[in-house]
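Peer 1: Below are the structure tokens for one structure; questions will follow.
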Amino acid sequence: MKIKIEKNQIRKQMTQMRNSLSHSDLIKKSSLIMESLLSSDEFKKAEKILFFMSLEKEVQTWDMICQSFQNGKKIHLPITVKNSPDLKIVRIRDTNIDFVSGAYGIKEPGSDSYDFVDPHEIDLIVVPGLAFDNQGGRLGFGKGYYDRLFASGNPKTLRFGVALDFQVVASLPQSKDDLPVHSIVTEKRVLFCNPIN
């Protein structure tokens, strides 16, 4: 119960900080994050990338998706399916697609523009979060979608969190079901937290 209260306090604080950021600042910082992410050796080696479609105040991912597509990457997005607790992974065929509003107002590709894939095929996941810590701990919105995806997917799949630098803190309260990311990319730095053996 204590961990849940602590997490909710951090969620509230991070949401307020994120909401205070101007759109132009967010775009500028997102561009710097994109440069660092796409130029990393790990990203260059990965062929099949799972991105997320960002909400208004999250690190903006659409330019990353388009640039990665141009660089020859196979681009995947998560979708939610009614009455399922798990994310489904789909490969989009191009970036000229219509989006629909999915769970929680997150954009998802329309059903005529993708193919389902096995999550085990993904080489690298670009992970959203409200906060991360120096050990790769992650705080999401509390629904557990990404933790279940990590637990059921390929243990060799790299997990790269993208965040604004203020979203990275020294330590986050974590429970046994919380699985860390391997790296965190902000507009100021790239942290390598949990190398895969």
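Peer 1: Which distance in Å, rounded to a whole number, links the C-alpha centroids of the stretch 1-60 and the stretch 101-144?
Peer 2: For the stretch 1-60 versus the stretch 101-144, the Cα centre distance is 12 Å.
Peer 1: Further question on the same structure: Would you list L158, L26 from fewest to most Cβ contacts within 10 Å?
Peer 2: The most exposed by this proxy come first: L26, L158.
Peer 1: Can you give me the long-range amide H partners of G153? Hydrogens built in the peptide plane at 1.01 Å from N, cutoff under 5 Å, separation of 5 or more residues or another chain.
Peer 2: none
Peer 1: Per residue of the stretch 84-90, in order, report the coupling 6.51 cos²θ - 1.76 cosθ + 1.60 (Karplus, θ = phi - 60°) as ³J(HN,Hα) in whole Hz, putting x for Gly and Pro.
Peer 2: 10, x, 10, 6, 9, 9, 10
Peer 1: Net charge near D98: determine it from the other residues with C-beta under 15 Å of the C-beta of D98, scoring Lys and Arg +1 and Asp and Glu -1.
Peer 2: Residues near D98 contribute -1 overall.
Peer 1: Which of the peptides 94-101, 145-152, 130-137 is most tightly packed, and how do the rest follow, judged by the mean count of other Cβ atoms within 10 Å per residue?
Peer 2: Going from most to least packed, we get 130-137, 145-152, 94-101.
Peer 1: Around L21, under 12 Å between beta carbons, what's the net of Lys plus Arg minus Asp minus Glu among the other residues? Please list the in-between numbers first.
Peer 2: Details: positive: R18, K28, K29, K57; negative: D25, E56, E58, D165, E187.
Residues near L21 contribute -1 overall.
FYI, it's all coordinate maths here, none of it is from the lab. Please read these numbers as outputs of a predicted model, since none were measured by experiment. We place every Cβ from the backbone using ideal geometry, glycine too, and count neighbours over all the protein chains shown.
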